[in-house]
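The values are calculated or read from the model by the stated rules, or taken from the named source; none is laboratory data. From a predicted model like this one, the values you see are computed outputs, not experimental measurements. In this analysis, Cβ positions are derived from the backbone assuming ideal geometry, glycine residues included, and neighbour counts consider all displayed protein chains.
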Ligand code: PMP
């Protein structure tokens, strides 16, 4: 017998498990709309030209070595990252009030933030939107932060439950942490309007809540990096202390490089220094220091004018293709006369459509039509192609009739 006989089998991951099932399916028309990864019009993974260019420059640069980075990562990468989300002219940035560390993508940024909060902000719970990216519910308790939820999505309208959201934030104890998706809410694709963000800001201020922005899709929502940072900048420019978790997985296509950043925007530069020192204390026993390759790519894209301009166009290209797939799927459903209203496919923002398909319908999509998606009815629009939109629409049509 094994020492580990008593270890129970864990369930498959609700998102990554879908990819495993997809791989095992031998059907030629199969589609994987589970994982949120960009695909080209040919259905292939994409390495951006700007990333290729940065990597070529790195290979040619004989001054680069493979020494350890510091605990907080590549300092220039960190500076460029906070400027990307906040704007280079942001007062908090200029005044040295933003502490940034490199992280293992967005997940790693959230994990460091959680443990920091579990240590220095004891007793406060984090309020997550309902629904939210599933991993949020595990990351925070692992860092020592209790999880609660606030109303977000209204299935009846397939839109934002703005009143419910405001009521729940108002009812949260002062000092509570409130997790906000910076743009392109996952899984619903429903974002507050500019006016609604201003209202949320008022409540957060009045109730002295601590906002934590999860920014995994900057540029992916609208195709414009600055526009997708507007909510974060609104809060920071109002003088609030906020926490920001950034990921370059989607907007630079650097999924497997695991590159992201965690920033604390705080009231003064002295506090920023102390916070930075404690972020290092969280990181050091966890993984010592982060890997250098992804950070060097991002650094070369954000600091080189030519690479940066090329990247901006590529981000817009990805966002535009996703938006065009919304139109393609919507009009294919119209043509089929599929029962129900499908306008939410056009209205939702970012990588995902929250289709409204129920669990039985999702099972039909997968079992009968080989369309793989998460059980909550979410599909990645980035996995749809013009050639497959018709097939997908027919599968949805069959599943709802
Ligand atoms: N937050 C949200 C809302 C996400 O959708 C994702 C990616 N699925 C992440 C964080 C983090 O992803 P990664 O660790 O790959 O950057």
**OP:** From the list 393, 295, pick out the single residue that is part of a helix (DSSP H, G or I) and either out of contact with any strand residue (DSSP E or B) (no Cβ under 6 Å at 6 or more places or on another chain) or under 23 Å from residue 21 (Cα atoms) (or both).
**Re:** 393
Original post:
Of the residues that sit in segment 194-217 and are more than 16 Å from the ligand (Cβ to nearest atom) and under 20 Å from residue 123 (Cβ atoms), which one is surrounded by the fewest Cβ atoms within 10 Å (Cβ to Cβ)?
Top reply: 208
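Residue-wise test of (1) touching a helix residue (DSSP H, G or I) at 6+ places or on another chain (Cβ under 9 Å); (2) more than 29 Å from residue 36 (Cα to Cα); (3) modelled with pLDDT under 95; (4) not in a helix (DSSP H, G or I).
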site: 280; (1), (2), (3), (4): no, yes, no, no
site: 286; (1), (2), (3), (4): yes, no, no, no
site: 289; (1), (2), (3), (4): yes, no, no, yes
site: 300; (1), (2), (3), (4): yes, no, no, no
site: 313; (1), (2), (3), (4): yes, no, no, no
site: 328; (1), (2), (3), (4): yes, no, no, no
Original post:
residue 267 passes all but one of (1) away from the ligand (no atom under 16 Å from the Cβ); (2) in contact with a strand residue (DSSP E or B) (Cβ under 7 Å, 6 or more places away or on another chain); which number fails?
Top reply: (2)
Original post:
Taking the condition at pLDDT 95 or above, within 16 Å of the ligand (Cβ to nearest atom), part of a helix (DSSP H, G or I) and touching a strand residue (DSSP E or B) at 6+ places or on another chain (Cβ under 8 Å), does residue 236 pass?
Top reply: no
Subject >> Single residue of segment 358-377 satisfying the filter (free of Cβ contacts under 8 Å to residues at least 60 places away in the same chain and touching a strand residue (DSSP E or B) at 6+ places or on another chain (Cβ under 7 Å)) that is surrounded by the most Cβ atoms within 10 Å (Cβ to Cβ) >> reply: 365
Original post:
From the set of residues in segment 239-254 that are part of a loop (DSSP other than H, G, I, E, B) and away from the ligand (no atom under 14 Å from the Cβ), which is surrounded by the fewest Cβ atoms within 10 Å (Cβ to Cβ)?
Top reply: 239
Subject >> Flag if residue 132 is under 24 Å from the mean Cα position of the chain (by Cα), surrounded by 20 or more Cβ atoms within 10 Å (Cβ to Cβ), assigned to a strand (DSSP E or B) and touching a residue at least 12 places away in the same chain (Cβ under 8 Å) >> reply: no
Original post:
Looking only at segment 176-193, which residues are part of a strand (DSSP E or B), closer than 16 Å to residue 218 by Cβ and near the ligand (Cβ under 10 Å from one of its atoms)?
Top reply: 181
**OP:** Within segment 145-153, identify whether any single residue is assigned to a strand (DSSP E or B) and away from the ligand (no atom under 16 Å from the Cβ), and answer yes or no.
**Re:** yes
**OP:** Could you please give the count of residues in segment 115-126 that are surrounded by fewer than 24 Cβ atoms within 10 Å (Cβ to Cβ) and either within 12 Å of the ligand (Cβ to nearest atom) or over 15 Å from residue 285 (Cβ atoms) (or both)?
**Re:** 7
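Answer yes or no as to whether residue 183 is more than 30 Å from residue 122 (Cβ to Cβ) and in contact (Cβ under 8 Å) with a residue 40 or more places away in the chain.
yes
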**OP:** Take the residues in segment 1-46 that are within 16 Å of the ligand (Cβ to nearest atom), loosely packed, with under 15 Cβ neighbours inside 10 Å and assigned to a loop (DSSP other than H, G, I, E, B), then tell me which one is modelled with the highest pLDDT.
**Re:** 45
Subject >> residue 257 being more than 13 Å from the ligand (Cβ to nearest atom), over 21 Å from residue 347 (Cβ atoms) and either under 21 Å from the mean Cα position of the chain (by Cα) or surrounded by 23 or more Cβ atoms within 10 Å (Cβ to Cβ) (or both) >> reply: no
Subject >> Condition check for residue 169: assigned to a helix (DSSP H, G or I) and under 17 Å from residue 124 (Cβ atoms) >> reply: yes
Original post:
Of the residues that make up segment 95-114, is at least one assigned to a helix (DSSP H, G or I), over 15 Å from residue 262 (Cβ atoms), modelled with pLDDT of 95 or more and away from the ligand (no atom under 16 Å from the Cβ)?
Top reply: no
Subject >> Residue list for segment 338-357, filter: touching a residue at least 60 places away in the same chain (Cβ under 8 Å) and outside any helix (DSSP H, G or I) >> reply: 338, 339, 340, 348, 349, 350, 351, 352, 353, 354, 356
